[in-house]
Amino acid sequence: MTAIDSDAVPYASAAAAGGAPYVTSPVAYDGILLAGFGGPEGQDDVIPFLRNVTRGRGIPDERLEEVAHHYRHFGGVSPINGQNRALKQALEAELAERGVDLPVYWGNRNWAPYLGDAVTEAAAQGDNTLLAFATSAYSSFSSCRQYREDFAQVLEETGLGGTVTVDKIRPFYDHPGFVAAFETGVRTAVETFLADGIPADAIQVLFSTHSIPTADAQRSGPRDVDFGPGGAYAAQHEAVAQWVMDRVAHVLPTAADVSWELVYQSRSGPASQPWLEPDVCDVIGELPARGRTAVIVVPVGFMSDHMEVLWDLDTEAAEAASDAGLAFVRTPTPGVSASFVAGIVDLIQERLEGRAASEREHVTALGPSFDVCRPGCCENVRAGFKPAAAGLAP
């Protein structure tokens with residue numbers, strides 16, 4: 001490893017290296033690392049991109065082509081890179097507005113610009129103490145730990161592990177800036193259906209998120225907390241969904257009669273491997289038998305309208321609703337809304353200031369989440385633990 005081996009948290013700033021769950025000392029960060037998933041930007045990029053996403057799993061190109069048609073339907077272009085460019089610009093503007101003089105470096109896990117390019121660029125500018133914002137809000141291997149492992153891998157591969165440090169902003173699933181779009185979207189959709197004469201008890205709200213292997217879900221979050229069979233990943237989504245529905249019912253009392261549940265989408269594993277269920281389209285098909293005539297699909301697991309939203313929800317779920325004879329609305333993601341961008345900068349400022357946990361904004365009883373991930377958090381069952389930044393070793 002590196003010169004900071006003697007500390008509890010490798011690759012961390014001095015304030016975070018001791019391993020306390022919350023960093024309550026101010027940190028003079030040099031820059032923000034916007035860490036994205038990445039996506040193809042043309043037809044020729046699609047298969048190479050999918051090879052990157054599935055590297056190490058031995059999936060042949062013929063099977064990758066089954067997923068590639070989602071991208072090819074949109075000209076081979078994923079919207080995610082464009083969305084991250086817009087988010088970077090919005091963050092820079094909000095930081096400047098608040099007088100926070102920090103550059104934003106953007107790098108992806110699976111496509112250009114890569115994380116290694118971003119970290120190398122930061123180091124070349126003398127910006128060696130970085131605070132990372134990963135574009136995924138919840139706790140799981142793919143949405144948190146995998147980013148942390150990528151940070152560690154990049155620091156080692158670039159030879160910058162003894163020079164550059166990377167801390168990570170906490171999972172932000174229940175920060176007010178993130179959840180605001182879901183509350184507004186559900187309330188607006190319910191109001192619209194009611195105005196159209198659809199009774200509240202005939203409306204179904206489905207909060208949809210990316211399915212993950214059940215074994216990974218069970219290991220998501222800290223090991224010393226029992227979150228139930230779906231681990232922290234499912235519990236966090238459930239808590240956010242409950243908060244949204246409670247808020248909507250508070251503003252719109254009739255909405256108390258609207259039913260809701262958490263559903264999953266975008267499964268990609270073999271049929272023999274258990275993944276979180278039920279599937280959003282399967283549930284939509286069952287709704288007429290439950291007496292529902294309208295469905296509101298809320299992409300609660302997603303930050304922006306990337307491919308899983310455009311294809312799995314706007315295309316497949318919408319078609320399932322049409323086949324079932326249901327009125328259908330898909331509510332907005334946070335995107336680059338003013339509340340979300342302001343919320344990200346709030347998260348940055350709590351680390352710049354070393355804000356106490358009791359002073360950090362959150363809307364559920366589960367939060368605020370940790371700055372420094374706990375031992376054994378979010379294990380990848382298939383690959384085991386690899387070196388990771390921003391957390392204690394298992």
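As an exercise, identify the trypsin sites (Lys or Arg not before Pro) in segment 4-108 lying in DSSP coil whose Cβ has no more than 13 other Cβ atoms within 10 Å.
R55, R57, R98
Membrane-span-like helices in the chain (whole DSSP H runs, Cα extent of at least 30 Å along the helix axis, mean Kyte-Doolittle hydropathy of at least -0.5): 231-251.
Only one residue of A294, A122, A390 has its Cα farthest out toward the positive end of the dipole of the chain, where Lys and Arg carry +1 and Asp and Glu -1 on Cβ, and that residue is A390.
Each residue of segment 133-138 is assigned a 3J(HN,Hα), and the resulting list reads 10, 8, 7, 8, 8, 10 Hz, derived from the Karplus form 6.51 cos²θ - 1.76 cosθ + 1.60 (θ = phi - 60°), x at Gly and Pro. Among beta bridges from DSSP that stay inside segment 176-330, the antiparallel ones total about 5%.
Between the listed residues V251, G42, G58, the Cα displaced farthest toward the positive end of the dipole of the chain, a dipole computed from Cβ unit charges relative to the Cα centre, is found at G58. Here the sum of -39500 (n - 2.57) over DSSP H runs of 4 or more residues, divided by the residues of the chain, equals -10500 deg cm²/dmol at 222 nm, to the nearest 500.
Provide the percentage of antiparallel DSSP beta bridges, counting only those with both residues in segment 1-148; round to the nearest 5. Before the final figure, lay out each step's value.
Working: 1 of 12 bridges.
Among the beta bridges of segment 1-148, antiparallel pairing accounts for roughly 10 percent.
Close amide H pairs (under 5 Å, H built 1.01 Å from N) link G31 with T129, L131, residues at least 5 positions away or on another chain. Building the convex hull from the alpha-carbon atoms of segment 176-330 and averaging its projection over directions returns 9.5 nm².
Placing +1 on each Lys and Arg Cβ and -1 on each Asp and Glu Cβ, with no other charges, gives segment 259-394 a dipole about its Cα centre of roughly 400 debye.
Note on the chain: antiparallel DSSP beta bridges, both residues inside, total approximately 5 percent of the bridges counted. Inter-part distance, segment 265-297 to segment 62-106, computed on C-alpha centroids, equals 28 Å. Basic side chains Lys and Arg get +1 at the Cβ, acidic Asp and Glu get -1 at the Cβ, and with that the dipole of segment 137-270 about its Cα centre reaches some 220 debye. For V295, nonlocal amide neighbours, meaning residues 5 or more places apart or on other chains whose placed amide H falls under 5 Å from its own, are Q204, A327, F328, V329.
Working from the pairwise distances between different alpha carbons, so that the mean of 1/r is found and then inverted, what is the chain's Kirkwood radius in Å?
Working: mean 1/r = 0.0463 Å⁻¹.
About 21.6 Å for the chain.
Highest GNM mean-square fluctuation among G231, G116, G58, for the chain modelled with Cα contacts below 10 Å: G58.
Taken along the Cα-to-beta-carbon direction at a fixed 7 Å, the label points for V251 and A271 span 4.4 nm. Electrostatic tally near P270: other residues with Cβ closer than 11 Å to its Cβ, Lys and Arg +1, Asp and Glu -1, net +3.
Please sort by residue number the trypsin sites (Lys or Arg not before Pro) in segment 294-385 whose DSSP state is loop and whose Cβ has at most 15 other Cβ atoms within 10 Å. Mind showing how you got there, number by number?
Values: sites: R330, R351, R355, R360, R382; in loops: R355, R360, R382.
Answer by residue number: R382.
How large is the charge dipole for the chain, taken about the Cα centre, if only the Cβ atoms of Lys, Arg (+1) and Asp, Glu (-1) carry charge, to the nearest 20 debye? Mind showing how you got there, number by number?
On the way: 27 positive and 52 negative charges, 114 e Å.
So the magnitude is around 540 debye.
Any read-out appearing in this document is the output of simple, stated calculations on the displayed coordinates, not a laboratory observation. This one's a predicted model, so the numbers in the text were calculated from it and none came from an experiment. Note that each Cβ is placed from the backbone with ideal geometry, even for glycine, and that neighbours are counted across all protein chains shown.
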